[in-house]
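Read-outs throughout are calculated quantities, based only on the coordinates presented, and are distinct from any laboratory measurement. What you see is a predicted model; the values in this text were computed from it and never measured. Don't worry about glycine lacking a Cβ; one is built from the backbone with ideal geometry, like all the others, and counts go over all protein chains shown.
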Amino acid sequence: MSNHLNDKYKDLDLIANNYSENYINANPFPHVIFDNFFNENLLNKIINEYPSNLDKIGYYANHPAEQKYALYDSNKFSNNTNELINFLNSGKFIKFLNKITNIETNLIPDPYCWGGGLHELKDKGYLNIHCDFNKHPLMKLDRRINMLIFLNHNWKESYGGSLELWDKEMKKCVQKIIPVFNRVVIFNTTDFSFHGNPEPIKSPDKKTTRKSIALYYYSNGRPAQEVSLKDHTTTFKARPASKDSEMITYYKKLFWKFYLKKKGFFK
């Protein structure tokens, strides 16, 4: 039993058994959506402590395919945020993820929170459709699972920022998920799991922002059918008949090199 979860989801083994088949067979790729998954009081504390200066203590992705703020450094998270993340990286929760996703290889959490952590999109912010980087740059493990936790009270679809899941051929959006408070999305990440929130945020008061927590889980090796590219960074795709940009790899490579060097990984 855990005080991190809503009472409805306290029995993780039961939840995994009940939802595993739906997860595996979901379109356009394996995923599941849970509403009111976590303890509401804990999430409200995290929102109240959410940093207002991610542009100064984190980083701002400012280029044609992405307008987003993020903070990866757990040393700058609040105690309540770290408490939740530590639970989500615990053996108990990872066993749940292995069971619901039907991934037999033991999943591995990311102590570096690489690319994850706190994400925020302000007015006019967006994230074009993409498949994620497929190798952890430090641990050299294969990225398998994404978990997103939305922290937005009273969020309306008209505000934009819905998470879109696209088909493998990039012909249509199959699933559109509004990022409302305490909604959780878990999904497989492969070279074909195209997703993003490409519709710019339309903040009603310029202060309402789209906040979320992102965690990623890895394994040592992966099925060959999940890979179409060599090790790669975030790879963006343009929606049909759109003005979306695919100019991302260059920017990402520059950023990661700068970030790693700043953190002392490169001398």
>> In the chain, if the dipole is taken from +1 on Lys/Arg beta carbons and -1 on Asp/Glu beta carbons about the Cα centre, which of Y50, N25, F150 is farthest to the positive end?
In response: Y50
> How far apart, in nm, are two points set 7 Å out from the Cα along the Cα-to-Cβ line at K135 and at D7?
Replying inline: 4.9
> Between E49 and E157, 0.36 nm times their residue separation minus their Cα-Cα distance comes to what?
Replying inline: 36.4 nm
